[in-house]
Each structure stands twice: as C-alpha cells, then as structure tokens.
Amino acid sequence: MTDYQPVILPGTPDLHKIDVYEQHGGYAQARKAMGMTPEDIIGIVKDSGLRGRGGAAFPTGLKWSFMPKDGEKPNYLCVNGDESEPGSFKDRQIFEFNPHLMIEGILIAGRALRIKAAYIYIRGEYEAWVQMVEKAVADAYAKGYIGEKMKETFGTDFACDIYVHRGAGAYICGEESSLMNSIEGIRPYPRVKPPFPAQVGLWGCPTTINNVETIANIPVIMDKGPEWYKGIGAEKHPGPILYGISGHVNKPGVYELPTGMLLTELINDVAGGVPDGKKIKMVIPGGSSMPPLRGDQLEGIRMDAESLKEVGSAIGTAGIMVMDEDTDITRILTRITHFYKVESCGQCTPCREGTGWMLKVLHRLLEGQGEAKDLDLLHSVAKNIEGNTVCALGDAAAWPVKFTIERFRPELEAELQR
Amino acid sequence: MFTEEELRKVEELKSHYPSNLSAVMGVLHMYMDKYGHISDEGVTYVASLLDVPEEKVLGVVTFYEMYHQHKTGKYKLQVCTNVSCMLRGSDMVLKTIKDHIGIGIGETTDDGLFSVHEAECLGSCGTAPMMSVNKDYHENLTPDRINELIDQLKAQG
C-alpha cells in the first residue's frame with residue numbers, strides 16, 4: 001500500500017467553507033497565477049503531465065494551448081460535472097467537500113485561457129450539490145475572488161465570471177459538444193467535429209471543456225510544482241486520481257490515490273476485497289462504457305491510460321465496477337445496454353436503432369428464448385454501431401456488448417443453456 | 001405566473017448568458033419546482049418570458065428526462081437500477097416499495113401521493129442501493145429504512 005496523502009479530497013473538516021479553505025492556503029495559487037503570463041501557466045500544466053480526468057485522458061496543457069491568444073471573440077471555459085456514466089461518482093465529492101479547489105482551478109485556467117466566463121455544468125439530479133456549488137461561487141464572489149472585483153483583489157487586469165448551469169437528466173450532455181448545446185439552450189445533439197471547440201465552441205466562440213476533477217488538479221500543480229506532480233503515479237499518466245470503486249466489494253467508495261495502482265490492490269486492499277471471499281467474474285475498470293475485464297486476467301493490471309490500453313480496455317472515469325462469481329453476465333449486459341438505449345440522443349441511426357436492436361436480442365436471451373447465433377448477431381450489431389456515429393456514445397454502447405461477447409463467450413453460452 | 005421575486009431570478013439567469021435562449025433550462029427548472037410538471041401553458045409562458053420561439057422551448061422540454069409534461073406523484077421515488085445499484089440490491093428496493101405501497105415502475109398510487117420511476121445511475125454507486133425522493137438522495141438502503149421513509153412521507157401527506 002502507498003503512503004500517499006490526499007490533496008484533492010484531504011478530509012479537512014469544513015473545507016467547503018471559504019474561510020476554512022483560505023486558512024489552509026486557499027486562493028493563494030490563484031493570486032500567484034494572476035501575476036503570471038497565460039503561456040507560463042500553460043507551460044506548468046504541460047510540464048506536470050496532467051491528463052484529463054473525464055474519460056479520454058487527453059493532455060490538459062496541450063488542450064489549453066489550442067485556444068486562440070488574441071481573437072476578437074470572447075473565450076469560454078466549461079467545467080464538465082455532468083457525471084452520468086454508471087460507476088462514476090467522483091466529481092460529486094469535489095462539489096461537496098472541496099468546491100473552492102475547483103473554483104480556484106477555474107480562476108487559474110481562466111487566466112491561462114483568457115476567458116470571459118466559465119460555466120460549471122452539473123447534472124440536474126445533483127440538485128443538492130448544485131446548491132452547494134452555487135453557495136461556494138457566491139461566497140467567492142463576495143470575497144472578491146470572481147468577477148470585476150478580482151482585478152482589485154489580485155492586482156490584475158484580468159477578470160472573469162463563473163456561473164453554474166444545471167442540466168436536466170441527459171447522459172449525452174457529458175459529451176462536450178452536447179454540453180455546449182445544452183448551455184446554449186437548444187436540443188443537446190452532439191456536434192460534428194471539426195471544427196473543434198477551441199475554434200468554434202459556445203455561441204461560436206473559442207471554448208475549452210475540462211472535467212471537474214481535471215480543474216481541481218490545477219491549484220495542486222501550481223502549489224506543489226510540476227516536478228512533484230509528475231513524480232506521482234504512472235509515468236505517462238501521472239498525478240492523484242479519484243478511483244470510484246463499487247459493486248461487490250466490502251468497502252465501496254471514492255479513494256484518492258496515485259494513478260497506476262494495481263487493480264487487484266485497489267479491489268482487495270483499498271476496497272476491502274469481495275464479500276464472503278468470492279472470486280471475481282468481471283471488472284469494468286472505468287465506468288460502464290469501458291471494455292470489461294475477466295476476473296482471471298486482472299493480475300498485474302495497472303490503473304492508468306497506457307496500461308489499460310495495453311490490455312484492451314480504458315481508464316475512462318476510473319469508476320471500477322466489481323462483479324463476483326455469481327453475477328449473471330447477461331443481466332448486467334442487458335442493463336448496461338438498456339442505459340445506452342435510453343440515453344441515446346437519437347441523432348445517428350446506428351446508435352438510435354442499434355441500441356434498441358441489441359436490447360431486444362439481450363431480452364430474448366434473458367428470457368431463455370435465445371440461441372447461440374444470437375451472440376454473433378449481437379457482436380455484429382455492435383461492430384456496426386462502433387465508429388459510425390457523430391459522438392462516442394455509439395462506441396460506449398457497442399464496446400460493452402462487443403467485448404463481453406469476446407471475453408465471456410463460454411460464460412454467456414453456459415447462461416444460454418440454463 | 002411567477003412572482004416578482006421569481007421574475008427577478010429569471011432576469012438574473014438571463015444575465016449569465018449572451019443569449020436568452022440559454023436561460024431556458026434554468027427557467028424550466030423554476031417552473032417545474034413551482035408546478036410539478038410543465039404543461040403546454042408552461043411552455044408558452046417560459047417562451048414569452050425569454051422572448052424565444054415556443055418550439056425551441058418544447059424541443060428542450062421533450063429532450064430531458066427531468067422535465068415532465070404530465071403530473072407525477074407528490075413524492076417521486078426514483079430507484080436507481082443501474083449496475084452498481086443492481087449488484088447491491090435495487091431489486092430489493094423495488095420489491096420493498098411494491099410490498100409497502102403496491103406500485104411498481106411507472107405507476108402512481110391512487111391517492112396521487114407516490115409514483116415510482118426507474119432512474120439511470122444517479123451517481124451514488126459507492127452508497128448503493130439508493131433512490132431519490134424528489135430532490136433528496138437516500139442511500140445505503142435497507143428494507144427497514146425504505147419502510148420508515150415511506151411511512152414518514154405518508155404521515156406528512
């Protein structure tokens with residue numbers, strides 16, 4: 001086990017209160033950033049090796065460098081807290097326990113990206129957490145950390161606003177271009193890319209979209225320095241990360257630890273192992289859309305983008321879902337497919353029709369009416385959805401089906417016989 | 001239909017964006033909070049408040065899960081049945097509710113007090129199983145906790 005001390009969720013009592021946050025050095029990094037050039041801030045983030053925590057693990061500093069430096073249009077930042085991927089429940093902890101870390105991160109990012117305003121997009125069901133974040137934002141405004149007053153507070157010529165935008169229960173809004181359409185107030189269908197948001201984003205203006213956890217890492221990097229950050233966890237995907245561990249474990253929850261931890265260590269030591277000492281049948285390592293792993297292939301697998309890619313999966317949101325030996329795989333796959341069918345926005349035919357088709361076949365299997373050839377049919381439908389849609393929801397729907405059939409075929413065939 | 005204070009809140013929401021259309025989601029949330037669902041009249045009203053086409057508002061209302069065009073129970077029980085909750089007992093949650101108030105997913109009690117809905121992952125995977133009742137999350141549910149909660153809500157009426 002590691003002796004790592006959490007910095008995103010340090011467990012300090014009442015840290016969500018602005019006074020307590022200030023007593024622990026809060027907003028000092030924003031002050032520091034205001035005296036720096038945007039290029040220097042982006043350079044530090046690049047040097048840290050930070051990769052986005054929302055799913056795609058794209059290098060954050062590189063993403064930031066795509067924003068124009070002196071365009072005529074205003075720049076915007078969207079902080080993605082839609083968090084609707086089954087198995088992912090980490091951003092909620094930041095909203096609740098350390099919202100000012102996120103706000104301070106926005107101010108630093110805001111300076112680096114020369115933004116006019118930032119929108120924190122929070123899923124509608126998180127109403128309690130929307131209120132918590134709104135309170136934190138209001139308190140930061142009152143202290144002069146946000147808005148026009150920040151020029152005086154920080155002795156800078158830069159100012160930006162921060163607003164909370166509440167979603168209304170649509171998973172697709174976690175997709176960055178849907179999220180922007182949702183903020184614009186139109187039906188949130190994903191946009192075709194290119195153009196990318198850094199050129200044409202919110203209201204046609206340059207926009208960067210970062211996950212809540214990504215933004216919360218920024219003040220930590222400013223405080224401890226890129227060298228420290230780069231030294232934590234996996235070499236090519238460094239830093240602290242919030243692992244959400246759920247399902248058949250004794251101590252489910254969110255754990256802040258370095259990237260690159262062994263999956264078996266996270267399940268057995270951190271989350272207390274599987275109840276009743278049962279064996280593991282399946283693990284989904286990064287939220288329900290990520291390719292699942294068999295229980296007998298977990299040994300030696302590390303939780304970082306590069307390691308998981310090597311074993312044919314992905315880090316996603318680091319939401320680890322553990323299923324014991326008694327789990328009915330067909331039922332799990334049906335429930336996951338049900339999710340993507342319900343949440344498909346309907347814009348692209350392969351996703352809209354394909355998810356329904358897969359669900360129909362899976363229900364047939366569940367009801368004991370299936371045949372072995374249905375597994376080939378499911379695999380074929382999944383392959384035809386994959387890569388053929390405007391956004392990644394098509395892949396998200398297809399991967400669980402495709403990889404479950406490829407990795408659990410004997411298991412599924414045995415379930416068919418029952 | 002909105003009070004002066006609510007209208008001030010609408011103006012504040014509008015000030016957050018360069019386009020009035022962006023305030024539509026926030027204003028719809030306000031309307032839902034006040035009336036419980038968004039009627040055709042509500043769509044017309046929200047459109048007029050923001051001076052945007054009704055069709056645009058309707059397009060938003062019909063897209064999102066949380067905007068209801070029809071009445072639900074006074075207490076809307078949303079049971080998460082997605083994987084993490086399923087693995088830790090969402091079947092038990094639905095059965096306990098059914099045994100106690102006699103309704104399942106998609107149904108409303110005759111007195112209009114409760115309705116039961118299947119929810120897609122509400123972000124409580126570490127504290128599963130869970131359900132939300134209107135705006136409040138109830139996590140780590142057991143049959144006893146569910147029964148107690150329903151009895152409390154019944155007593156409140």
Quiz prompt | Residue in the stretch B:26-44 that is farthest from the other protein chains (Cβ to nearest Cβ), counting only those that are part of a loop (DSSP other than H, G, I, E, B) and on the phi < 0 side of the Ramachandran plot | solution = B:Ser39
Quiz prompt | Filter result for A:Gly260 (assigned to a loop (DSSP other than H, G, I, E, B), within 14 Å of chain B (Cβ to nearest Cβ) and either in contact (Cβ under 8 Å) with a residue 24 or more places away in the chain or crowded, with 21+ Cβ neighbours inside 10 Å (or both)) | solution = no
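Do we have A:Ile267 as under 18 Å from A:Phe403 (Cα atoms), out of contact with any Leu (no Cβ under 7 Å at 6 or more places or on another chain) and in a helix (DSSP H, G or I) here? Write out each step before concluding.
On the way: under 18 Å from A:Phe403 (Cα atoms): no; out of contact with any Leu (no Cβ under 7 Å at 6 or more places or on another chain): yes; in a helix (DSSP H, G or I): yes.
So A:Ile267 fails the test.
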Quiz item: under 17 Å from A:Tyr171 (Cβ atoms), charged (D, E, K, R), more than 10 Å from every other protein chain (Cβ to nearest Cβ) and in contact (Cβ under 8 Å) with a residue 24 or more places away in the chain: does that describe A:Lys279?
Solution: no
Exercise. Search the stretch A:359-370 for residues that are among the basic types (Lys, Arg) and pair each with any residue that is surrounded by fewer than 20 Cβ atoms within 10 Å (Cβ to Cβ) when their beta-carbon atoms are under 8 Å apart and the residues are at least 6 apart or on different chains.
Key: A:Arg364/A:Asp374
Exercise. Of all residues in the stretch A:73-101, count the ones that are touching a strand residue (DSSP E or B) at 6+ places or on another chain (Cβ under 6 Å), open to solvent by less than 10 Å² (accessible area, probe 1.4 Å) and assigned to a helix (DSSP H, G or I).
Key: 1
Practice problem: Kindly indicate whether any position in the stretch A:271-278 is under 20 Å from A:Lys402 (Cα atoms) and either assigned to a loop (DSSP other than H, G, I, E, B) or open to solvent by 40 Å² or more (accessible area, probe 1.4 Å) (or both). | Solution: no
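This table checks each residue for (1) open to solvent by 40 Å² or more (accessible area, probe 1.4 Å); (2) within 13 Å of chain B (Cβ to nearest Cβ); (3) part of a helix (DSSP H, G or I); (4) farther than 28 Å from A:Asp304 by Cβ.
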residue	(1), (2), (3), (4)
A:Lys341	yes, yes, yes, yes
A:Val361	no, no, yes, yes
A:Asp376	yes, no, yes, yes
A:Ser380	yes, no, yes, yes
A:Lys383	yes, no, yes, no
A:Pro400	no, yes, yes, no
A:Phe408	no, no, yes, no
Exercise. Would you be able to say whether some residue in the stretch B:59-73 is within 8 Å of chain A (Cβ to nearest Cβ), within 23 Å of A:Arg123 (Cβ to Cβ), without any contact (Cβ under 8 Å) to a residue 12 or more places away in the chain and open to solvent by 20 Å² or more (accessible area, probe 1.4 Å)?
Key: yes
Quiz item: Out of the stretch A:173-199, which residues are open to solvent by less than 10 Å² (accessible area, probe 1.4 Å) and either assigned to a strand (DSSP E or B) or within 9 Å of chain B (Cβ to nearest Cβ) (or both)?
Solution: A:Cys173, A:Ser182, A:Ile183, A:Gly185, A:Pro188
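When you scan the stretch A:1-60 for helices (runs of 4 or more DSSP H) that lie fully inside it, which ones turn up with 1 or more residues that are within 30 Å of A:Asp395 (Cβ to Cβ), modelled with pLDDT of 95 or more and touching a Ser or Thr at 6+ places or on another chain (Cβ under 9 Å)?
Details: elements: A:18-23, A:28-34, A:38-48.
Hits in the stretch A:1-60: A:38-48.
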Practice problem: Quick one: A:Thr330 ticks every box in (1) part of a helix (DSSP H, G or I); (2) on the phi > 0 side of the Ramachandran plot except a single one, so which number is it? | Solution: (2)
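Residues checked against (1) within 21 Å of the chain's Cα centre (by Cα); (2) within 30 Å of A:Ala168 (Cβ to Cβ):
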{"residue": "A:Ala305", "(1), (2)": "yes, no"}
{"residue": "A:Glu325", "(1), (2)": "no, no"}
{"residue": "A:Ile329", "(1), (2)": "no, no"}
{"residue": "A:Tyr340", "(1), (2)": "yes, yes"}
Quiz item: Restricting to the stretch A:1-37, what's the tally of residues that are surrounded by 15 or more Cβ atoms within 10 Å (Cβ to Cβ) and within 27 Å of the chain's Cα centre (by Cα)?
Solution: 13
Exercise. Evaluate the stretch B:45-58: report whether one residue or more is in contact with a helix residue (DSSP H, G or I) (Cβ under 7 Å, 6 or more places away or on another chain), more than 13 Å from chain A (Cβ to nearest Cβ) and surrounded by fewer than 22 Cβ atoms within 10 Å (Cβ to Cβ).
Key: yes
Quiz item: Does A:Ile108 meet the test of being in a helix (DSSP H, G or I), touching a helix residue (DSSP H, G or I) at 6+ places or on another chain (Cβ under 9 Å) and more than 14 Å from chain B (Cβ to nearest Cβ)?
Solution: yes
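Are any of the residues in the stretch B:123-130 modelled with pLDDT under 95 and touching a helix residue (DSSP H, G or I) at 6+ places or on another chain (Cβ under 7 Å)? Full working, then the answer.
Taking the stretch B:123-130 first, the residues modelled with pLDDT under 95 are none.
No, the stretch B:123-130 has no match at all.
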Self-check item: Qualifying residues in the stretch A:122-149 (those that are in contact (Cβ under 8 Å) with a residue 60 or more places away in the chain and either under 19 Å from B:Asp33 (Cα atoms) or in contact with a Ser or Thr (Cβ under 7 Å, 6 or more places away or on another chain) (or both)) - the one most open to solvent (accessible area, probe 1.4 Å)
Solution: A:Met132
Exercise. Evaluate the stretch A:304-319: report whether one residue or more is over 30 Å from A:Thr259 (Cβ atoms) and surrounded by fewer than 19 Cβ atoms within 10 Å (Cβ to Cβ).
Key: no
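Would you confirm whether any residue within the stretch B:71-78 is under 30 Å from B:Thr142 (Cβ atoms) and polar (S, T, N, Q)? Reasoning before the result, please.
Quick first cut of the stretch B:71-78, residues under 30 Å from B:Thr142 (Cβ atoms) only: B:72-78.
Next, only the ones that are polar (S, T, N, Q) stay: B:72, B:78.
Yes, the conditions are met somewhere in the stretch B:71-78.
Confirm whether A:Glu125 is assigned to a loop (DSSP other than H, G, I, E, B), touching a strand residue (DSSP E or B) at 6+ places or on another chain (Cβ under 9 Å) and under 25 Å from A:Thr317 (Cβ atoms). First the steps, then the outcome.
Numbers: assigned to a loop (DSSP other than H, G, I, E, B): yes; touching a strand residue (DSSP E or B) at 6+ places or on another chain (Cβ under 9 Å): yes; under 25 Å from A:Thr317 (Cβ atoms): yes.
Considered against the rule, which asks whether it is assigned to a loop (DSSP other than H, G, I, E, B), touching a strand residue (DSSP E or B) at 6+ places or on another chain (Cβ under 9 Å) and under 25 Å from A:Thr317 (Cβ atoms), A:Glu125 comes out as yes.
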Quiz item: Which condition number in (1) crowded, with 22+ Cβ neighbours inside 10 Å; (2) closer than 29 Å to B:Cys125 by Cα is the one that B:Lys95 fails?
Solution: (1)
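The values are calculated or read from the model by the stated rules, or taken from the named source; none is laboratory data. Small disclaimer: the values here were computed from a predicted structure and weren't measured. Cβ sites come from the backbone with ideal geometry, for glycine too, and all protein chains shown count toward neighbours. Side chains are part of the model used for accessible areas, which takes the heavy atoms of the whole protein and leaves out ligands, DNA and RNA. Shrake-Rupley method; radii C 1.70, N 1.55, O 1.52, S 1.80 Å.
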